[in-house]
Structure formats: C-alpha cells, structure tokens
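Here is the structure we will look at.
The values are calculated or read from the model by the stated rules, or taken from the named source; none is laboratory data. All of these numbers come straight from a predicted model, not from anything done at the bench. Because the Cβ atoms are built from the backbone with ideal geometry, glycine has one as well, and the counts that use them run over all protein chains shown. Ligands, DNA and RNA are stripped out before the accessible areas are found, and what is left, the full protein with its side chains, is counted by its heavy atoms. Shrake-Rupley method; radii C 1.70, N 1.55, O 1.52, S 1.80 Å.
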Amino acid sequence: MYTVTVNGKKIELEKSLSIKDYLESAGVDPKIVVVEYNFEIPDKGKWTEITLKDGDNLEIVKFIGGG
C-alpha cells in the first residue's frame, strides 16, 4: 500500500500509479486541471512518466469558468 496526500487528505493506493492514471482513476479529467507534485508543477507531458510513491504530495486544481 502507498499513502499519498491529495489536496491535504491522506489516501491509500493499492499500487503505484502515474499522475495521469491516478487522475483518471479518481474521475478527474486531466485536460481541465493543474497538478502540483511535491511542491513543483510538472509539465503535463510528463504525467504518464511520473509514478506516485509512498509519501508523495499532490495538489489538484480545477479550472472553473464563469462570470
């Protein structure tokens, strides 16, 4: 099991996932979010290469339109 902090909440992962795989498994559309991974913002092109590890930190921010 892996423990990862997502938006301030600790979650348990049964297996290691890439950032993109995690977003999809959580029902988050990767096209409309920005992700901070361990206090840095990685390029979206690297989301499939970055594998979440025990103790990692993710902040996921969704864009919302309106006026």
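Extent along the principal axes, Cα only, for the chain: 42, 24, 22 Å, with the longest axis given first.
Per 0.36 nm of contour for each residue apart, how much would the distance between Asp29 and Glu14 grow if the chain were fully extended, relative to their Cα-Cα spacing?
Numbers: separation 15, 0.36 × 15 = 5.40 nm, distance 2.12 nm.
Additional length available on full extension: 3.3 nm.
Using alpha-carbon pairs under 8 Å, 6+ residues apart, how would you state the relative contact order of the stretch 12-67 in percent?
Numbers: 53 pairs, mean separation 24.1, N = 56.
The normalised contact order for the stretch 12-67 reaches 43 percent.
A Förster radius of 22 Å, combined with the Cβ-Cβ distance separating Phe63 from Glu40, puts the computed FRET efficiency at roughly 0.70. Beta bridges per DSSP, both residues in the chain: antiparallel share near 85 percent.
How large, in percent, is the carbon and sulfur part of the accessible surface of the chain at a probe radius of 1.4 Å?
Carbon and sulfur together cover 52 percent of it.
The residues of the stretch 1-57 expose on average 65 square angstrom of accessible surface per residue, using a 1.4 Å probe on protein heavy atoms.
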